[in-house]
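Let me begin by presenting the structure, written as structure tokens, before commenting on it.
The values are calculated or read from the model by the stated rules, or taken from the named source; none is laboratory data. This one's a predicted model, so the numbers in the text were calculated from it and none came from an experiment. Cβ placement follows ideal geometry from the backbone for every residue including glycine, while neighbour counts extend to all protein chains displayed. The accessibility values were calculated without ligands, DNA or RNA, using every heavy atom of the protein model including side chains. Shrake-Rupley method; radii C 1.70, N 1.55, O 1.52, S 1.80 Å.
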Amino acid sequence: MKKLFATCIGVGLVYVVCSASAAGQEKSARPSPPAKATCALAGGKSITVDYSSPRMKGRKIFGELVPFGKVWRAGANEATTFVTDTDLTVGGKAVPAGSYTIFAVPETDKWTLVISKKTGEWGTAYPGPDNDLARVDMKVSKLAAPAENFTIAFDKGAAGCTLRVEWETTSASADISKK
């Protein structure tokens, strides 16, 4: 009986150690490491986007890995978050201060940025249009050279920022201003 008890305790300890090791895995060691984009606005206000940055790795991205005309998680791993501490106008649509999840619908000649009110989901789980706060048309252009790493960035302008999404040979953008 003591042997059985000792074996059970041993197996339990191995399980706990392995679980703790996996849970403590460094996010930066992932194939799609975490990344962050921040835009500083007037009055000390800001916008922060947290996402994971997948790599092309020789794959055809848009139209294959990421199908045209379907909602895409705009990153990898956990859902891409969009947090603002001030009311905004994103591509002409009102976005109150708060936390959101962003998705995109890529097309060959236009993209749509989807700002969802639902947060906390894993990246692939689009919660549906009932949870959309806004859908914003994005300007699309070709990059001069392919972008290996999926990137979300902000370009600072006089009225606010331009949110820029780049990967493969595509750049999509939307203007953002403080309301």
Q. Could you give every pair whose Cβ atoms fall below 8 Å, whose first residue belongs to the range 138-149 and is closer than 18 Å to residue 55 by Cα, and whose second residue is part of a strand (DSSP E or B) and hydrophobic (A, V, I, L, M, F, W, C), counting only separations of at least 6 or pairs across chains?
A. 147/167; 149/167
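Of all strands (runs of 3 or more DSSP E) completely enclosed by the range 23-138, which ones contain at least 2 residues that are modelled with pLDDT of 95 or more and open to solvent by 60 Å² or more (accessible area, probe 1.4 Å)?
Fully inside the range 23-138 and qualifying: 34-40.
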Q. Out of (1) surrounded by 12 or more Cβ atoms within 10 Å (Cβ to Cβ); (2) modelled with pLDDT under 95; (3) among the hydroxyl-bearing types (Ser, Thr, Tyr), what's the single condition that is false for residue 15?
A. (1)
Q.
Looking only at the range 158-172, count every residue that is within 20 Å of residue 86 (Cα to Cα) and either open to solvent by 40 Å² or more (accessible area, probe 1.4 Å) or modelled with pLDDT of 95 or more (or both) and tell me the total.
A. 6
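Scan the range 144-156 for residues that are open to solvent by 40 Å² or more (accessible area, probe 1.4 Å) and of a type outside the set (S, T, N, Q) and report the count.
So the count comes out to 6.
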Q) Hey, residue 156 hits all of (1) in contact (Cβ under 8 Å) with a residue 40 or more places away in the chain; (2) within 24 Å of residue 33 (Cβ to Cβ) but one; which does it fall short on? A) (2)
